[in-house]
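Structure, as structure tokens:
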Amino acid sequence: MTDTAAAARAVRHAVTAPGPERDTAVQALKAAGAALCAWALAGWWWHAPLALLAPWTALVLVNSTVYRSVRSAIQQFAGVALGTLVAAAAAALTHNAMAAMAIALPLTVLMGTYPRLEDQGWYAPTAAVFVLAYGTPAPVDILHRLLETVLGAVIGLTVNALVLPPDHTRGLIRLRTRIPDEFARLLRDVADGVEKGYSDKEAEDWYGRALRLLPVVADLHEAQRRSEESRLLNPGRRLRRSPPSPPPSDDAYRWDRIADHLVAMLRSLAETAYENSRFAAPPYSAQRELATLLQAAARACEADARHLTAGGQRAPQAESALEEAEAAAGRLAAGLSAPREGAGTASLGELAIIATRLLGELASVTIGHKT
């Protein structure tokens, strides 16, 4: 039932709103349409001897980006050409399909592992099987196999490039908006807990949530790469009146560092929360300043997410929130020089350093300040 409900939601999202579900549905329909066109030309009109190569090639070349389609087409043609030529040579030597396969398949499987062919390397042994399974190939048959592959590649590339060419910038923006939202929720929860007093279980939960943010930030790097790749060789970006502008390319690295600083801060809070910890928790006055700092940082993250949703790249509304956070960080650091007993000094110093680093990176990513 859960899978059925998830599938139903995906279908509803694909119909009602732009998003990854609609992108997937569009690419699936394009791949099916390209295969049908290739079959109509190769099988119905041309009557090619092995017409299935054309729709098969067209189907797999409707890729996630136009650039990827071009790259895959070159790799696939190289794999098919290698497999076809090796199979033809083996057939000419042996005049027996079984013996030719025994010679051709080990060679083409090895050739298919060539790193530059990437995932398309498996077309080398597959093409060899097709060639030998349909009898002893004559030179004209070899030419047909290559032309069928070229026909499918041209159709797949044309469909992917001219019919709603994929652009993953919106997916990047969605993920880039999700990240500050998730950071803001965690920062607010930590701020509330620090202000009211927290247990070691609560601190461990915060630390675990911060660790779970790391893979989400890592996804931002992949989304950035896919967005940049989708803009290469993409005629659709020139046809659109206002293609979405991607976030700055260094945002992923900055969020990496923000996540690392937040993990370090919450690890410090968790370590000092235990009853017999080697390091005492910071004094209550410092914890209040930390709560103020985290609340202001959460507002800066929320402002950043709102600004991205509205189509901007920076969030000037976050500036006042960050000024408040930096003032709290200054008071936190000033507490180190206040006369007190040594308890909590070490953890306070660590928190002050981490907070300064976190706010510097947050300022650079939300309002464009240089760190």
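The values are calculated or read from the model by the stated rules, or taken from the named source; none is laboratory data. These numbers were taken from a predicted model, which means no experiment stands behind them. Glycine gets a Cβ as well: all are built from the backbone with ideal geometry, and neighbour counts include every protein chain shown. Side chains are part of the model used for accessible areas, which takes the heavy atoms of the whole protein and leaves out ligands, DNA and RNA. Shrake-Rupley method; radii C 1.70, N 1.55, O 1.52, S 1.80 Å.
Numbers for the structure displayed
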| quantity | calculated |
| --- | --- |
| Within the accessible area of the chain (1.4 Å probe), percent carbon and sulfur | 61 percent |
| Computed helical MRE - 222 nm, the chain, DSSP H runs ≥ 4 contributing -39500 (n - 2.57), nearest 500 | -25500 deg cm²/dmol |
| Ratio Rg/Rh [Cα only; Rh per Kirkwood] for segment 89-178 | 1.20 |
| Charge-dipole axis of the chain as Lys and Arg at +1 and Asp and Glu at -1 on Cβ define it, positive-most pick from 297, 140, 279 | 140 |
| Angle in degrees between helix 345-366 and the longest Cα principal axis of the chain, rounded to the nearest 10 | 50 degrees |
| Rg [Å, one decimal], Dmax [Å, integer] - segment 27-82, C-alpha atoms | 11.5, 31 |
| Radius, Kirkwood style, for segment 11-160 when every pair of distinct Cα atoms is counted (Å) | 16.0 Å |
| Angle in degrees between helix 97-112 and the longest Cα principal axis of the chain, rounded to the nearest 10 | 30 degrees |
| Size of electric dipole in segment 63-214: Cβ of Lys, Arg +1 and of Asp, Glu -1, about Cα centre, debye, nearest 20 | 320 debye |
| Efficiency of FRET from Cβ geometry, residue 116 and residue 204, R₀ 51 Å, rounded to 0.05 | 0.60 |
| Degrees, to the nearest 10: 139-162 long Cα axis against longest axis of the chain | 40 degrees |
| Student exercise, segment 143-228 dipole from Lys, Arg, Asp, Glu Cβ charges, in Debye to nearest 20 | 360 debye |
| Positive dipole terminus of the chain, leading residue within 221, 262, 210 (C-beta point charges) | 221 |
| Dipole of the chain [Lys/Arg +1, Asp/Glu -1 at C-beta], most positive-end residue of 49, 252, 183 | 49 |
| Overall dimensions of segment 141-231 as given by Cα atoms, namely Rg and Dmax in Å | 23.5, 79 |
| Gain upon complete extension [residue 142, residue 26; 0.36 nm per residue less C-alpha separation] | 38.3 nm |
| Distance histogram in 10 Å bins (all Cα pairs of segment 180-274, percent per bin) | 14, 36, 23, 15, 9, 3, 0 |
| Lys, Arg +1 and Asp, Glu -1 on Cβ, resulting dipole of the chain about Cα centre, debye, nearest 20 | 1140 debye |
| Average accessible area per residue (Å²) across the chain - probe 1.4 Å, nucleic acids and ligands excluded | 50 Å² |
| FRET efficiency estimate (nearest 0.05) - Cβ-Cβ, residue 356 to residue 228, R0 51 angstrom | 0.95 |
| Per-q log10 I(q)/I(0), the chain, q = 0.09, 0.13 Å⁻¹ (Debye; single scatterer per alpha-carbon; no solvent) | -0.70, -0.99 |
